[in-house]
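One structure is given here, and the rest of the page talks about it.
The values are calculated or read from the model by the stated rules, or taken from the named source; none is laboratory data. It should be emphasised that the depicted structure is a prediction, and the values quoted were computed from it without experimental measurement. Reconstructed Cβ throughout: ideal geometry from the backbone, glycine too, with neighbour counts over all protein chains shown. In case anyone asks, the SASA skips ligands and DNA or RNA and just uses the protein heavy atoms, side chains included. Shrake-Rupley method; radii C 1.70, N 1.55, O 1.52, S 1.80 Å.
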Amino acid sequence: MGNWVENEGLSIFVVLVWLGLNVFLFWWYYLAYDIPPKFFYTRVLLGHALALARAPAACLNFNCMLILLPVCRNLLSFLRGSSACCSTRIRRQLDRNLTFHKMVAWMIAFHTAIHTIAHLFNVEWSVQARVEEKQTLAAVLSGLDDGPNESYINFYRKTIGNPVGGLYVAFTYLAGLTGVIITLALILIITSSTKTIRRSYFEVFWYTHHLFVIFFIGLVIHGAGRIVRGQTAESLAEHNPELCYKNFTDWGKKGSCPIPQFSGNPPMTWKWVVGPMFLYLCERLVRFWRSQQKVVITKVVIHPFKTIELQMMKKGFKMEVGQYIFVKCPAVSKLEWHPFTLTSAPEEDYFSIHVRIVGDWTEGLFNACGCDKQEFQEAWKLPKIAVDGPFGTASEDVFSYETVMLVGAGIGVTPFASVLKSVWYKYCHDATNLKLKKIYFYWLCRDTHAFEWFADLLQSLEAQMQERNNADFLSYNIYLTGWDESQATHFVMHHEEEKDVITGLKQKTLYGRPNWENEFKTIAGQHPGSRIGVFLCGPEGLADTLNKQSISNSEADPRGVHFIFNKENF
């Protein structure tokens with residue numbers, strides 16, 4: 001239980017507070033429109049749909065205020081790097097920014113659905129009341145503003161019935177038109193954000209996500225039409241609706257109730273979102289300024305399995321281990337930015353990324369760098385590159401632990417290239433001040449070719465650690481999760497050789513998947529009383545497994561062993 005609190009306690013607390021505020025706002029604003037006499041006559045026209053429209057509107061304001069904050073990457077990186085205001089636990093919470101961003105997005109979709117459905121009823125009943133011929137209270141209220149010294153309560157002023165009247169409201173009134181536009185924008189943003197679209201059609205995700213600009217513009221002006229109207233304070237002082245509604249046919253006559261006066265609610269959304277919008281505008285200005293700084297590609301290395309390495313230099317560029325950058329290549333696309341983990345170490349005089357060629361944009365970058373040609377590509381022919389970042393990730397906290405488990409799946413090994421390089425530099429220059437004493441490294445790959453570009457680094461670390469008589473500092477296990485029959489025969493024939501037939505390392509490649517329960521129990525037994533950092537860059541399924549193992553293999557005693565789970569998110 002203690003480690004569950006350590007790993008998940010703050011996240012659960014934040015989510016519960018957020019959900020609680022949503023419930024509170026919904027209930028508060030529902031009652032604010034369902035009880036006060038100010039909206040007595042509005043409720044006569046619209047019934048409970050009035051409160052059911054306004055309550056989710058308040059929640060929408062709240063969540064739209066939050067939705068931009070988790071994607072202010074520069075702000076989060078600044079907070080993450082400020083140890084004075086961010087403990088390790090707070091930094092781990094900041095690393096879950098995209099998870100919270102998605103949760104807020106789904107909450108926005110949920111309240112949008114309620115808000116829209118309620119307003120569909122409101123529009124239908126407003127139009128119906130306006131064309132109603134009977135002398136009902138709703139019809140009399142809808143007729144106000146047709147005479148002198150009157151103010152309207154029913155925003156619909158035409159005498160065209162449904163369904164034409166409803167369509168007229170949707171496409172000619174400011175509230176209706178902006179509502180349609182921002183709802184369509186929200187639908188496109190959410191549907192294109194699914195994992196399948198992001199991975200297979202990143203460009204679709206990228207472009208549709210920028211509809212958020214239209215969404216926020218429409219959101220801010222959505223309430224400017226003031227179609228939700230209530231009785232004025234002055235009118236309430238001389239016209240008590242709970243008494244006067246009974247003799248509505250005598251309103252305005254001598255000795256009777258005066259005609260009620262109404263006014264629209266002022267727009268409130270801008271007050272909620274102006275702060276986050278300003279912060280995000282500053283964020284984009286910083287990104288634009290940094291993207292204009294000159295970046296020089298110093299070297300392009302073609303690795304096996306269609307992976308290229310770009311080594312670059314940029315004036316004033318400073319990084320930490322495991323951070324990532326956004327890259328734009330105008331020769332491929334003038335608008336698209338793609339995230340890549342830095343594979344270089346802070347101690348090196350350049351920064352690098354490894355790019356696996358898996359889509360149109362990466363294929364375009366591959367060709368722009370001349371990697372599709374046999375002849376040597378001169379430096380001046382290399383494409384211009386814009387870089388935004390670096391931005392912080394969970395891997396920065398590797399040096400906060402004495403013992404760590406690093407788990408990479410496929411190309412997810414890239415953050416740990418930077419970590420392992422930096423560890424080696426620190427170990428060589430000042431091993432006594434290095435808090436980190438033991439690394440357990442796990443790499444899972446489906447294909448043997450994927451091992452090749454990273455094997456050189458591991459071979460170098462393996463050799464240098466042995467030279468310093470500290471081979472136990474790094475324990476690594478490489479797992480091949482996919483192979484065919486011919487490969488299996490080849491592996492068996494060469495199994496007795498000193499070095500592994502796939503990687504060339506002394507540590508032999510393992511086949512299948514790790515038994516994580518055994519791995520955690522073994523490490524826990526070797527490091528009693530330790531806080532062990534578990535760092536993953538890989539799929540969600542593996543993240544769930546490691547998180548559960550981190551909790552179940554930690555001891556309840558605060559002095560016992562504790563596994564602290566961290567996952568890369570970008």
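Quick check: anything in the stretch 250-259 at pLDDT 90 or above, touching a Ser or Thr at 6+ places or on another chain (Cβ under 9 Å) and not in a helix (DSSP H, G or I)? No; the residues of the stretch 250-259 include none that is at pLDDT 90 or above, touching a Ser or Thr at 6+ places or on another chain (Cβ under 9 Å) and not in a helix (DSSP H, G or I).
Scanning the stretch 378-395 finds one or more residues that are assigned to a helix (DSSP H, G or I), more than 30 Å from K334 (Cβ to Cβ) and either modelled with pLDDT under 85 or open to solvent by less than 10 Å² (accessible area, probe 1.4 Å) (or both).
Every residue, every condition in (1) more than 41 Å from the chain's Cα centre (by Cα); (2) surrounded by 15 or more Cβ atoms within 10 Å (Cβ to Cβ), yes or no:
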residue: A129; (1), (2): yes, yes
residue: E133; (1), (2): yes, no
residue: A138; (1), (2): yes, yes
residue: I153; (1), (2): yes, yes
residue: G161; (1), (2): yes, no
residue: T172; (1), (2): no, no
residue: T178; (1), (2): no, yes
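Let's see how each residue does on (1) within 30 Å of M319 (Cα to Cα); (2) at pLDDT 80 or above:
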residue: N74; (1), (2): yes, yes
residue: L79; (1), (2): yes, no
residue: C85; (1), (2): yes, no
residue: T88; (1), (2): yes, no
residue: R96; (1), (2): yes, yes
residue: A105; (1), (2): no, yes
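On the given criteria, is R226 basic (K, R) and outside any loop (DSSP other than H, G, I, E, B)? Break it down stepwise before answering.
Details: basic (K, R): yes; outside any loop (DSSP other than H, G, I, E, B): no.
Spelling it out, it is not the case that R226 is basic (K, R) and outside any loop (DSSP other than H, G, I, E, B).
Residues being more than 30 Å from E234 (Cβ to Cβ), without any contact (Cβ under 8 Å) to a residue 24 or more places away in the chain, within 22 Å of the chain's Cα centre (by Cα) and part of a helix (DSSP H, G or I) are represented in the stretch 67-78 by at least one member.
Is it the case, given these coordinates, that V17 is modelled with pLDDT of 90 or more, under 21 Å from P276 (Cβ atoms) and loosely packed, with under 14 Cβ neighbours inside 10 Å?
On the way: modelled with pLDDT of 90 or more: yes; under 21 Å from P276 (Cβ atoms): yes; loosely packed, with under 14 Cβ neighbours inside 10 Å: yes.
Against the criterion (modelled with pLDDT of 90 or more, under 21 Å from P276 (Cβ atoms) and loosely packed, with under 14 Cβ neighbours inside 10 Å), V17 qualifies.
Residues of the stretch 265-292 that are of a type outside the set (D, E, K, R) and touching a residue at least 60 places away in the same chain (Cβ under 8 Å): M268, T269, W272, V273, G275, P276, M277, L279, Y280, V286, S291, Q292. I117: crowded, with 16+ Cβ neighbours inside 10 Å and not hydroxyl-bearing (S, T, Y), yes or no? No.
Taking the condition of being open to solvent by 60 Å² or more (accessible area, probe 1.4 Å) and farther than 26 Å from F78 by Cα, how many residues in the stretch 331-344 meet it?
Counting residues in the stretch 331-344 that are open to solvent by 60 Å² or more (accessible area, probe 1.4 Å) and farther than 26 Å from F78 by Cα gives 2.
When the stretch 212-243 is filtered for residues that are open to solvent by 40 Å² or more (accessible area, probe 1.4 Å) and either touching a Cys at 6+ places or on another chain (Cβ under 9 Å) or not β-branched (V, I, T) (or both), the ones remaining, listed by number, are F212, H222, A224, R226, A233, E234, L236, A237, E238, N240, E242, L243.
Of the residues in the stretch 265-293, how many are touching a Cys at 6+ places or on another chain (Cβ under 7 Å) and of a type outside the set (A, V, I, L, M)?
Kept after step one, since they are touching a Cys at 6+ places or on another chain (Cβ under 7 Å), are these residues of the stretch 265-293: 272-273, 279-280, 283.
Filter once more, keeping what is of a type outside the set (A, V, I, L, M): 272, 280, 283.
Qualifying residue count, the stretch 265-293: 3.
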